[in-house]
Amino acid sequence: MEAKSDGLPPDTALAMNNLANSHMALGRYADAEALHRRVAARREKAFGPTHPDVATSLSNIGTALTRQGRRTGPKIISGARWRSGRKRWASSTPMWR
């Protein structure tokens, strides 16, 4: 597996995302939030702010915040940025075409 410029394998973000989802399933929402934030930052750096994977990561952060009762927490994503990522995701997903 080829390493990226930060020295980590490309699948690291996916593995971190899966671990964060495991934390969510176990009710460890603060741990999940922290990992989802790291994944979002990593994906945004790699793919740019409007990539569908970034939008998914930001949605995951929002879910973790909501489950912690922090619905009025900081705004995670601008509407325009979310729509852009969602549109790109939908165009690449046969189910949503």
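The values are calculated or read from the model by the stated rules, or taken from the named source; none is laboratory data. All of these numbers come straight from a predicted model, not from anything done at the bench. Because the Cβ atoms are built from the backbone with ideal geometry, glycine has one as well, and the counts that use them run over all protein chains shown.
What the table below lists for this structure:
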item	result
SER92 vs. criteria under 24 Å from PRO9 (Cβ atoms), touching a Lys or Arg at 6+ places or on another chain (Cβ under 9 Å) and either of a type in the set (S, T, N, Q) or modelled with pLDDT under 60 (or both)	no
Number of positions in the stretch 8-57 that are part of a helix (DSSP H, G or I), of a type in the set (Ser, Thr, Tyr) and crowded, with 17+ Cβ neighbours inside 10 Å	4
Filtered residue count, the stretch 9-43, keeping only those that are without any contact (Cβ under 8 Å) to a residue 12 or more places away in the chain and either of a type in the set (S, T, N, Q) or touching a helix residue (DSSP H, G or I) at 6+ places or on another chain (Cβ under 7 Å) (or both)	3
